[in-house]
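Below: the structure, in structure tokens.
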Ligand SMILES: [Zn+2]
């Protein structure tokens, strides 16, 4: 089926207390693995393309890959821009056809982040595309070890979350609640009380970044507290690379890229399926589809409205 946008999918997940997995794809094999895993689990899914992936392969190429697999799939698939860090990246992704966008102004001063996010939300909504933005700052574990104090310093407060949400009109909000990007070991626990307090003030889908480093038990609690979109990238990269290394060490003479590409794809698929079940989005595809087609979300929620583009 054609790609869908993330608006109704995430509202349905929020109201039904499960989360949608947003998985980063850097190449064809990973995009294919994500969509095949979602099909086998009958799950709605978000394939996301980061700034780094765009630098590697270009937004048009990655979008075309995701779109062509989505069209053959029977589950709803979103193509989302992950961490657009400047205006040009967001606009280029919008022109390429992405059905969901993120602007990340979290390294900017608060007021500037609000100003630029708001203007991009207006543009995206005029084109019928929902927008995610970030407040607080999800730190990067690859830049060195993080102390508990450092992680805490950047966490989102319920007050700034509310102000940012109301002033910008974003459709979903990425919050910093204890996770970090690019963690290779699953060891972080989230501040569940903080998520609950933010969700009380922000009645919109909340997004967790850097979930590869978060303990399963903490993820389950976070979903109950209001997290609706959960991003995984590092675990997929790990699964891919481990499979390639294994295949090549077993057969050092191997030169056919498809042989180890296939092994990598299977291993990524396995991880995506596990995550889908962890988030509770398995067997939700049909419900999400009927919700989307009814467009109930425009009537039933007080959340930021978006023009319907037929
Ligand atoms: Zn992120």
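The values are calculated or read from the model by the stated rules, or taken from the named source; none is laboratory data. Remember, it's a predicted structure, so these values are computed and weren't measured experimentally. As a convention, Cβ positions derive from the backbone with ideal geometry for all residues, glycine included, and neighbour counts pool all protein chains shown.
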Any residue at all in the range 85-95 that is under 17 Å from the mean Cα position of the chain (by Cα), more than 16 Å from the ligand (Cβ to nearest atom) and modelled with pLDDT of 95 or more?
yes
Report yes if residue 118 is within 24 Å of residue 198 (Cβ to Cβ), more than 18 Å from the chain's Cα centre (by Cα), at pLDDT 95 or above and part of a helix (DSSP H, G or I), otherwise no.
yes
Just wondering, is there one or more residues in the range 262-278 that are within 16 Å of the ligand (Cβ to nearest atom), modelled with pLDDT under 95, under 20 Å from the mean Cα position of the chain (by Cα) and in a helix (DSSP H, G or I)?
no
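Residue-by-condition table, conditions (1) within 16 Å of the ligand (Cβ to nearest atom); (2) over 13 Å from residue 97 (Cα atoms); (3) touching a residue at least 60 places away in the same chain (Cβ under 8 Å):
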site: 43; (1), (2), (3): no, yes, yes
site: 51; (1), (2), (3): yes, yes, no
site: 63; (1), (2), (3): no, no, no
site: 66; (1), (2), (3): no, no, yes
site: 75; (1), (2), (3): no, yes, yes
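Would the range 16-37 turn up any residue that is surrounded by fewer than 16 Cβ atoms within 10 Å (Cβ to Cβ), in a helix (DSSP H, G or I) and either at negative phi or more than 16 Å from the ligand (Cβ to nearest atom) (or both)? Lay out the reasoning, then the answer.
The first filter runs over the range 16-37 and keeps only residues surrounded by fewer than 16 Cβ atoms within 10 Å (Cβ to Cβ), leaving 16-17.
Those still in the list that are in a helix (DSSP H, G or I) too: none.
There is no residue in the range 16-37 that is surrounded by fewer than 16 Cβ atoms within 10 Å (Cβ to Cβ), in a helix (DSSP H, G or I) and either at negative phi or more than 16 Å from the ligand (Cβ to nearest atom) (or both).
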